[in-house]
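Student: Mind looking over this structure? Questions follow.
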Amino acid sequence: MNLILLGAPGAGKGTQAEVICDHLGIPAISTGNIIREALKNGTELGKQAKSYMDEGKLVPDEVVIAIIKERLAKDDCQKGFILDGFPRTVPQAEALDAMGIVIDRVIDIEVADEAIQKRLSGRRVCESCGASYHVDYKPSKVEGVCDKCGGKTVQRRDDHPDTIKERLHVYHEQTEPLKGYYEKTGKLKIVEGQEDVKDTTALTLKALEA
Ligand code: AMP
């Protein structure tokens with residue numbers, strides 16, 4: 001199953017990607033996590049991406065398309081994959097098509113902007129493995145410590161209020177048009193994001209079956 005998760009930043013794509021990854025045994029691929037890893041390691045890609053990311057803007061299409069091309073060529077993707085945070089623009093979706101990749105399902109997780117602001121400001125992510133938590137809705141068992149790998153959980157630089165506003169603006173302007181793009185293919189399923197993560201998971205798994 002080749003799957004795309006669409007939705008605003010903070011809609012819960014990463015959380016649902018982790019669940020589906022366990023459920024279907026296919027890798028969850030987050031371009032955001034790949035870029036953050038590159039930043040941490042001080043690579044050329046990290047240096048190129050830093051200013052865009054810090055300002056809540058999108059990294060140029062050619063940079064992320066090259067990242068995804070390289071990642072999807074790896075062995076673990078041959079039986080399927082979940083894309084979280086890619087594509088984020090119509091040219092990125094067109095690039096996937098041009099690679100000859102057939103997408104089986106696109107799940108769009110819808111959450112209102114006001115709820116997104118609340119979610120992102122309470123979000124914490126693991127510095128080591130990228131797992132995501134929320135101080136109220138999905139706390140780690142021990143505060144500041146990742147349940148999965150024991151790494152340190154921190155607030156992302158781009159989860160600060162002004163940057164959240166810009167990211168939402170960018171989402172509506174550049175990413176939301178992808179709904180129309182995939183609706184035309186008949187592969188799009190809408191999931192209304194719920195307050196309780198478990199409820200969203202139930203709806204997401206149902207959308208996979210349908
Ligand atoms: P995310 O973790 O998915 O919220 O991504 C964090 C940031 O990484 C975004 O705000 C962008 O700056 C950058 N980024 C991640 N994925 C993409 C993408 N597909 N296209 C452009 N920029 C991206």
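Student: What is the percent carbon and sulfur in the accessible area of the chain, measuring with a 1.4 Å probe over the protein chains and ignoring ligands?
Tutor: On the way: 5440 of 10690 Å².
It is 51 percent, rounded to a whole number.
Student: Okay, moving on. Using the Kirkwood radius over C-alpha pairs as Rh, can you work out the diffusion coefficient of the chain via Stokes-Einstein at 10 °C, viscosity 1.306 mPa s, in µm² per second? Mind showing how you got there, number by number?
Tutor: Numbers: Rh = 17.3 Å.
Using the Kirkwood radius from Cα pairs, D works out to 92 µm²/s.
Student: A follow-up question, please. So which trypsin sites (Lys or Arg not before Pro) in segment 116-176 pass both tests, a DSSP loop state and at most 11 other Cβ atoms within 10 Å of the Cβ? Don't skip to the answer; put the middle values down first.
Tutor: Details: sites: 118, 119, 123, 124, 141, 148, 152, 156, 157, 165, 167; in loops: 141, 148, 156.
Within segment 116-176, the qualifying trypsin sites (Lys or Arg not before Pro) (loop, at most 11 other Cβ atoms within 10 Å) are 141.
Student: What list of ³J(HN,Hα) values in whole Hz, one per residue of segment 141-156 in order, does the Karplus curve 6.51 cos²θ - 1.76 cosθ + 1.60 (θ = phi - 60°) give from phi, with Gly and Pro shown as x?
Tutor: 4, 10, 4, x, 10, 5, 5, 7, 10, x, x, 8, 9, 9, 8, 5
Student: Run lengths n ≥ 4 of DSSP H only: what is the helix-derived mean residue ellipticity at 222 nm for the chain, with -39500 (n - 2.57) per run over all residues, to the nearest 500?
Tutor: Numbers: 9 runs with 93 residues, N = 210.
Calculated from helices alone, the mean residue ellipticity at 222 nm is -13000 deg cm²/dmol.
Student: Test of the criteria: in segment 145-210, which GluC sites (Glu not before Pro) are in a DSSP loop and have at most 16 other Cβ atoms within 10 angstrom of their Cβ? Don't jump to the answer; show the numbers that get you there.
Tutor: On the way: sites: 166, 173, 183, 192, 195, 209; in loops: 195.
The qualifying sites are 195.
Student: Can you give the relative contact order of segment 141-210 as a percent, counting alpha carbon pairs under 8 Å and 6+ residues apart? List each step's numbers first, then the result.
Tutor: Details: 22 pairs, mean separation 9.3, N = 70.
Reported as a whole number, the value is 13 percent.
Student: Still on this structure, please answer the following. Grab the Cα-Cα distance for residue 118 and residue 57, subtract it from 0.36 nm times how many residues apart they are, and report the gain in nm with one decimal.
Tutor: On the way: separation 61, 0.36 × 61 = 21.96 nm, distance 1.98 nm.
Length gained between residue 118 and residue 57: 20.0 nm.
Student: Using alpha-carbon pairs under 8 Å, 6+ residues apart, how would you state the relative contact order of the chain in percent?
Tutor: Value for the chain: 30 percent.
Student: OK, next. Give me the percent of DSSP beta bridges within the chain that run antiparallel, rounded to the nearest 5.
Tutor: Working: 8 of 25 bridges.
Of all bridge pairs located within the chain, approximately 30 percent are antiparallel.
Student: I've got another one for you. Using the heavy atoms of the protein chains and a 1.4 angstrom probe, tell me the accessible area per residue for the chain in square angstrom. Mind dumping the intermediate values first?
Tutor: Values: 10690 Å² over 210 residues.
Heavy-atom SASA per residue in the chain reads 51 Å².
Student: On a straight-distance basis, which aspartates and glutamates could pair with residue 198 in a cross-link, Cα separation under 18 angstrom, same-chain partners fewer than 8 positions away excluded?
Tutor: 18, 22, 108, 110, 136, 147, 209
Student: Amide H to amide H, which residues 5 or more places from residue 81 or on other chains are under 5 Å from it, using H placed in the peptide plane?
Tutor: Hits under the 5 Å cutoff: 2, 3.
The values are calculated or read from the model by the stated rules, or taken from the named source; none is laboratory data. In this text, all values refer to a predicted model and were calculated from it rather than measured experimentally. All Cβ positions, glycine included, derive from the backbone under ideal geometry; neighbour counts span all protein chains shown. All accessible areas refer to the heavy atoms of the entire protein, side chains included, with ligands and DNA or RNA removed. Shrake-Rupley method; radii C 1.70, N 1.55, O 1.52, S 1.80 Å.
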